[in-house]
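See structure below.
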Amino acid sequence: ASVPPFRPGLEGVPATQSAICDIDGQRGLLTYRGYGADVLAANSTFLETTYLLIWGALPTAAQLREFEQEVQMHRRVSFRIRDMMKCFPASGHPMDALQSSAASLGLFYSRRALDNPEYIYEAVVRLIAKIPTMVAAFQLIRKGQDPIQPRDDLPFASNFLYMLTEREPDPLAARIFDACLILHAEHSLNASTFSARVTASTLTDPYAVVASAVGTLAGPLHGGANEDVLAMLEAIGSEDQVEPWLDQAIAEKQKIMGFGHREYKVKDPRAVILQGLAEQLFDRFGHDPLYDLARRVEEAAAVRLGPKGIYPNVDFYSGLVYRKLGIPRDLFTPIFAIARTAGWLAHWKEQLGANRIFRPSQIYTGAEPREWVPLEAR
Ligand code: CMC
């Protein structure tokens, strides 16, 4: 059999079949199970979209009510996990805290029954319910406070913002935050989802699947870019610095954070929606001058990078939304993880449905077989 050509980063190489998400990178279209992400962001909730992604169809009212209730009942995390988190260094990155605490769930619920739909349902409920609680808990613990318990009367997004800020959020803020979760919930075979599927393919438990995906999402070329965008805007400082800053960065072959995408050769449709959500927040809660700077960067980058198909991606405007919601910068990527847990779990379930362990080949470039050299002779 002929060996397919080597493609670094598996660019353009199909590594799975999937019915979950479709991206048209030329036209800037994104669908989850056939529904436009824009339509879902405007009409659905994060939990309803999670159900859709994982089980393939929109839930009935009864199914949705049951799923919401189950998630609500499993939001609390064991005091043992909270105590473990108290031992984490307060200076550590919240993504590292999340990866460790997500993995620790396997200590509590490790019994695997991967062919049992009830086990799948329970694992989905636990992960979707507990990941936000763990993100919020670490935020309070590192400030020297005790985590606060979830509030049963609050829906998913409001409850998360409440656990984080200790205040019940404004309904518009909660609605916009929920739409952000929808927009980050799934994106086909990105690096962290690929990582999740590889881990899933060994038939390990779903907590290990999510923990491996969290570790992959953390990097600056993937989810970590969202916090770097604000740092970049601050480094640019003022509108008259935009063009010289970009010219220098491009001459030095630096990556402009929040720009470029393996799949999209036009502006990421999620960036378009997030920009609109940011504007709604500014109208309601006051303007952010970093937004004017971001728009100038987008304009100036369009001239310089647009011809290569490099435009704003999902991370470019999301940070401005979260900043207006008062969320600390190093929680942007953990929030991405809260949302993407839905997609990872959809891929986990799909992988189990037609599993074959991932075990690609390689092209060996090392030494020919050679003689052992004893230590004294080296
Ligand atoms: N700024 C400047 N040049 C860029 C950028 C950028 N952000 N992205 C790509 N390029 C250039 C790159 O230098 C290369 O140019 P040349 O052909 O002259 O060497 C060309 O475009 C192809 O780039 P690549 O790095 O080979 O493309 P890729 O498909 O491997 O990378 C990417 C995709 C997202 C990793 C990359 O665009 C990037 O590093 N962007 C910045 C980080 C970022 O915003 N990541 C978030 C991705 S979106 C969602 C998420 O995962 O969070």
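Read the figures in this text as sums done on the coordinates, not as results from a lab. Being a predicted model, the structure only gives us computed values, none of them experimental. Cβ coordinates were reconstructed from backbone atoms using ideal geometry, including for glycine residues, and neighbour counts include every protein chain displayed.
Would you mind computing, in nm to one decimal, how far apart the modelled labels at residue 42 and residue 304 are, each placed 7 Å from Cα along Cα→Cβ?
3.5 nm
Quick one: if the Förster radius is 22 Å, what FRET efficiency do residue 11 and residue 221 give, using the C-beta to C-beta distance and rounding to 0.05?
0.95
Return, ordered by residue number, the residues of the stretch 333-364 whose backbone nitrogen is under 18 Å from a label point located 7 Å along Cα→Cβ of residue 203.
Taking a point 7 Å out along Cα→Cβ of residue 203, the residues of the stretch 333-364 whose backbone N falls under 18 Å are 348-359.
Please state the charge dipole magnitude for the stretch 1-154, taken about the Cα centre, from unit charges on C-beta atoms (+1 on K and R, -1 on D and E), reported in debye and rounded to the nearest 20.
580 debye
Within the stretch 120-147, which residues have the backbone N less than 14 Å from the label spot 7 Å out from residue 88 along Cα→beta-carbon, could you tell me?
Only 130-145, 147 pass the distance filter.
In nm, what is the difference between 0.36 nm times the number of residues separating residue 262 and residue 371 and their Cα-Cα distance?
Stretched fully, the residue 262-residue 371 segment lengthens by 34.9 nm.
Order of 253-262, 304-313, 95-104 by packing, highest average Cβ count within 10 Å first?
Ranking the peptides 253-262, 304-313, 95-104 by packing returns 95-104, 253-262, 304-313.
Going 7 Å from the Cα of residue 284 toward and past its Cβ, which residues in the stretch 178-199 have a backbone nitrogen under 13 Å from where you end up?
Answer for the stretch 178-199: 178-180.
What residue among 294, 141, 363 has its Cα farthest toward the positive end of the dipole of the chain, where the charges are +1 on Lys, Arg and -1 on Asp, Glu, each on the Cβ?
363
So how much slack lies between residue 3 and residue 121, counting 0.36 nm per residue of separation and subtracting their Cα-Cα distance, in nm?
38.5 nm
I'd like to compare 73-86, 212-225, 344-357: which one has the highest average count of other Cβ atoms within 10 Å, and what's the full order after that?
Top of the packing list down: 212-225, 344-357, 73-86.
Give the average over all directions of the projected area of the C-alpha convex hull of the stretch 76-230, one decimal, in nm².
The orientation-averaged projected area of the Cα hull of the stretch 76-230 comes to 9.9 nm².
If the chain between residue 19 and residue 111 were fully stretched, how many nm would it gain, using 0.36 nm times the residue separation less the Cα-Cα distance?
Extra length available between residue 19 and residue 111 comes to 30.3 nm.
Gap in Å between the Cα centre of the stretch 19-67 and the Cα centre of the stretch 277-325?
What the calculation gives is 25 Å, centre to centre.
Whole number please: convex hull volume per residue of the Cα set in the stretch 59-162, in Å³?
104 Å³
Of the GluC sites (Glu not before Pro) in the stretch 210-257, which ones lie in a loop per DSSP and count no more than 16 other C-beta atoms within 10 Å?
In loop regions of the stretch 210-257 (DSSP not H, G, I, E or B), the sparsely surrounded GluC sites (Glu not before Pro) are 252.
Can you report the principal axis dimensions of the chain using only the alpha carbons, biggest first, rounded to whole angstrom?
Result, largest extent first: 70, 57, 49 Å.
Going by a ≥ b ≥ c, the root eigenvalues of the Cα gyration tensor, does the stretch 107-158 fall in the rounded group (a/c under 1.5), the prolate group (a/b larger than b/c) or the oblate group?
Oblate, because a/c is 1.5 or more while a/b does not exceed b/c.
Whole Å is fine, so just give me how far the alpha carbon centre of the stretch 83-159 lies from that of the stretch 161-233.
Their Cα centres are 13 Å away from one another.
In a solvent-free Debye calculation with one equal scatterer on each Cα, what is log10 I(q)/I(0) for the stretch 1-74 at q = 0.11, 0.14 Å⁻¹, listed in the order of the q values?
Listed by q, the Debye log ratios stand at -0.44, -0.61.
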